[in-house]
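I have placed the structure first, in the form of structure tokens, so that the comments after it can refer back to it.
The values are calculated or read from the model by the stated rules, or taken from the named source; none is laboratory data. Remember, predicted model here, so these are calculated numbers, not experimental data. Neighbour counts are summed over all protein chains in view; Cβ atoms, including those assigned to glycine, are modelled from backbone coordinates with ideal geometry. Heads up: the accessible areas ignore ligands, DNA and RNA and are worked out on the full protein's heavy atoms, side chains in. Shrake-Rupley method; radii C 1.70, N 1.55, O 1.52, S 1.80 Å.
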Amino acid sequence: MKLSILTHLRGVIAFVLLPCCVWAQTSNRKEANTAVFSSSQRAEADYVLQPQDLLRVHVFQEEDINKQGEVSISGDYTITLPLIGTVNMKGKTQRQAEEMIRQLYNKDYLVEPTVAVTVLKYSDRSVNVTGAVTTAGRIQFPAERGLTISEAIALAGGHTRLADLKKVTLTRRDGKGEAEPKKIDVDAILKGGARDVPLEVGDVVFVGERII
């Protein structure tokens, strides 16, 4: 009799706890999915628009405006939209572009419009990594985010055993098109003693070799 009661109690406890366990697992999965989704949203929101990016600018319930369809950002960072004309996108993220376009339409043409900017195709964004790396050549920027000098070297297959990471040369052209070489201590970056260096499109990274 005692054994029967104990078995019954175990069944009751399992029946009560099982939904809690299932709820906890479901909740954890939802939280994980939310975290991944939020990370993706942040990456998209932080992406700075570039020349040759192909965009779709959609204004909710304004079909005449939306007939334009796709629009490419020009070399001087501008696009042309119905009614408001030329819009400068330089330095703007997708979310900032949406808000700017919304304000331009709201100013003279529409009442509190809803605007969505979508990148249909990203421009060719790359840097060159040469010297003492496993695979020298062009390294593409990851979609929707930037690229640092240590990441670029890693994407080039990493440095060779003879590489001198304390004297990596970063060459970047200024506003006049003139090259400006700069020494970067990547060894200190990898060891946590210095901040990583964000790269720009067209940069050249040269990893020299140690003198033996």
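Just to verify a number: FRET efficiency for Thr130 and Lys176, C-beta to C-beta distance, R0 = 22 Å, to 0.05?
After rounding to 0.05, the efficiency reads 0.40.
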- request: Determine the shape class of the range 81-159: with a ≥ b ≥ c the square roots of the Cα gyration tensor eigenvalues, call it rounded for a/c under 1.5, and otherwise prolate if a/b is greater than b/c, oblate otherwise.
  value: prolate
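Quick one: accessible area per residue over the range 93-162, 1.4 Å probe, rounded to a whole number of Å²? If you can, show how the numbers build up before the last one.
Numbers: 3690 Å² over 70 residues.
Ligands and nucleic acids excluded, the figure is 53 Å² per residue.
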- prompt: Using 7 Å Cα-to-Cβ label points, what is the Ile211/Thr78 separation (nm, one decimal)?
  reply: 5.2
Heavy atoms of Tyr47: accessible area, 1.4 Å probe, square angstrom to 10: 0
message: With the cut-off at 1.5 for a/c, could you classify the range 158-204 from its C-alpha gyration tensor as rounded, prolate or oblate?
response: prolate
message: Quick check: from the Cα gyration tensor, does the range 77-212 come out rounded (a/c under 1.5), prolate or oblate?
response: prolate
query: Pairs Lys92/Lys183; Lys167/Lys191; Lys90/Lys167: which are spaced more than 24 Å apart, C-alpha to C-alpha?
result: Lys92/Lys183; Lys90/Lys167
task: Over the range 44-160, calculate the relative contact order: mean separation of alpha carbon pairs under 8 Å at least 6 apart, over the residue count, as a percent.
output: 27
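Sort 154-160, 64-70 for me by packing, meaning the mean count of neighbouring Cβ atoms within 10 Å per residue, highest on top.
Result, highest mean Cβ count within 10 Å first: 154-160, 64-70.
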- request: Return the distance in nm (one decimal) between the two label points of a simple spin-label model at Val111 and Glu151, each offset 7 Å from Cα along Cα→Cβ.
  value: 4.4
Extended-chain gain in nm, criterion 0.36 nm per residue less alpha-carbon gap, Gln61 and Arg95: 10.3 nm
